[in-house]
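The values are calculated or read from the model by the stated rules, or taken from the named source; none is laboratory data. Remember, predicted model here, so these are calculated numbers, not experimental data. In this analysis, Cβ positions are derived from the backbone assuming ideal geometry, glycine residues included, and neighbour counts consider all displayed protein chains. Heads up: the accessible areas ignore ligands, DNA and RNA and are worked out on the full protein's heavy atoms, side chains in. Shrake-Rupley method; radii C 1.70, N 1.55, O 1.52, S 1.80 Å.
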Amino acid sequence: MQKITIAIDGFSSTGKSTVAKQLAKALGYVYVDSGAMYRAVTLYSMQNDYINDDHFHIQKLIDDLKNIKISFKFNDELGFAEVYLNGKNVEKDIRTLEVSNFVSPVAETSEVRKMLVKQQQQMGKDKGVVMDGRDIGTIVFPDAELKIFMNASAETRAKRRYHELLDRGEDVQYDDVLHNVVLRDGIDSNREDSPLRKAKDAIEFDNSDLTVEEQFNTLYGLAKRAIVEHSK
Ligand code: DC
């Protein structure tokens, strides 16, 4: 069977990464969380005070981009690749609400996008990859054999993210999480460079009323069919 590229895009907290990881495992493909790369650049910007509540020194970040090295290393125990920033595992540090609050302006920066898209395309050049994000089916892999566009109501998504953050021990309020989800939806959809859009040939998938298992079964079926189609 030929390997294909699977692009999963959608609004924040739609469960993209959950199903992308499951699909990659079931198919023996590599999973790449492109959002983790934008989050890692954001963490770097926070650590270097390029961004905080009252400023975003965009040019300083752009001038420093060459010093940001992002990589992934597979963790056998977790069953997926964790993200590293300049050699340090930052998988946990990038998932905080604080990083979520600063990631949108960083992800809007064209120079940042250019650098990360190039790296993402390199990681997927041999196919056999499941990548999730906002622009995977439109910009990173416009020729992907299977494109999924995930959606769910803002409240459903905020509830999921809220419980995730609580499980991780973060002290957060549901209203703040909902506010962040709605705000990021708006910024991701309206930014000038690579806004969140459903690719014309993407399959729209609303999982508000589906269990994780039902969602996986449906998407695994679509992936199998796409692989067979592509191997003919
Ligand atoms: O998937 P996530 O919530 O971890 O992504 C974090 C942010 O990164 C999200 O608010 C938008 C941005 N992002 C992007 O602009 N393009 C991508 N391909 C992936 C994420």
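Points worth noting:
- Within the set ASP126, ASP135, ASP143, ASP209, the sole residue that is within 28 Å of PHE72 (Cα to Cα) and modelled with pLDDT under 95 turns out to be ASP126.
- Residue selected from the range 178-232 under the condition assigned to a helix (DSSP H, G or I) and of a type in the set (D, E, K, R), by the criterion nearest to THR18 (Cα to Cα): GLU213
- Residue pairs whose Cβ atoms lie under 7 Å apart, sitting 6 or more positions apart in sequence or on different chains, and linking a residue in the range 1-12 that is open to solvent by 40 Å² or more (accessible area, probe 1.4 Å) to a partner that is part of a strand (DSSP E or B), are PHE11/ASN151.
- Subset of the range 188-206 that is of a type outside the set (A, V, I, L, M, F, W, C), within 16 Å of the ligand (Cβ to nearest atom) and closer than 18 Å to ASP132 by Cα - its residue that is modelled with the lowest pLDDT: ASP188
- Test: residue in the range 195-205 that is out of contact with any Cys (no Cβ under 8 Å at 6 or more places or on another chain), surrounded by fewer than 16 Cβ atoms within 10 Å (Cβ to Cβ) and closer than 25 Å to ARG95 by Cβ: yes
- Checked against (1) charged (D, E, K, R); (2) in contact with a Ser or Thr (Cβ under 7 Å, 6 or more places away or on another chain); (3) open to solvent by less than 20 Å² (accessible area, probe 1.4 Å), LYS147 passes all but a single condition, namely (2).
- Of all the listed residues (ASP49, ASP33, ASP93, ASP9), the sole one being over 17 Å from the mean Cα position of the chain (by Cα) and of a type in the set (D, E, K, R) is ASP49.
- Residue satisfying all of: in the range 116-144; open to solvent by 50 Å² or more (accessible area, probe 1.4 Å) and part of a helix (DSSP H, G or I); nearest to the ligand (Cβ to nearest atom) among these: ILE139
- Of the helices (runs of 4 or more DSSP H) entirely within the range 15-99, those holding at least 2 residues that are aliphatic (A, V, I, L, M) and either open to solvent by less than 20 Å² (accessible area, probe 1.4 Å) or within 13 Å of the ligand (Cβ to nearest atom) (or both) occupy 16-27, 34-47.
- Matching entry among SER208, SER110 (being of a type in the set (Ser, Thr, Tyr) and touching a strand residue (DSSP E or B) at 6+ places or on another chain (Cβ under 9 Å)): SER208
- Contact map, the range 85-104: first residue farther than 12 Å from ALA36 by Cα, second residue more than 11 Å from the ligand (Cβ to nearest atom) and β-branched (Val, Ile, Thr), Cβ cut-off under 6 Å, separation 6 or more or different chains; pairs are LEU97/VAL172; PHE102/ILE51.
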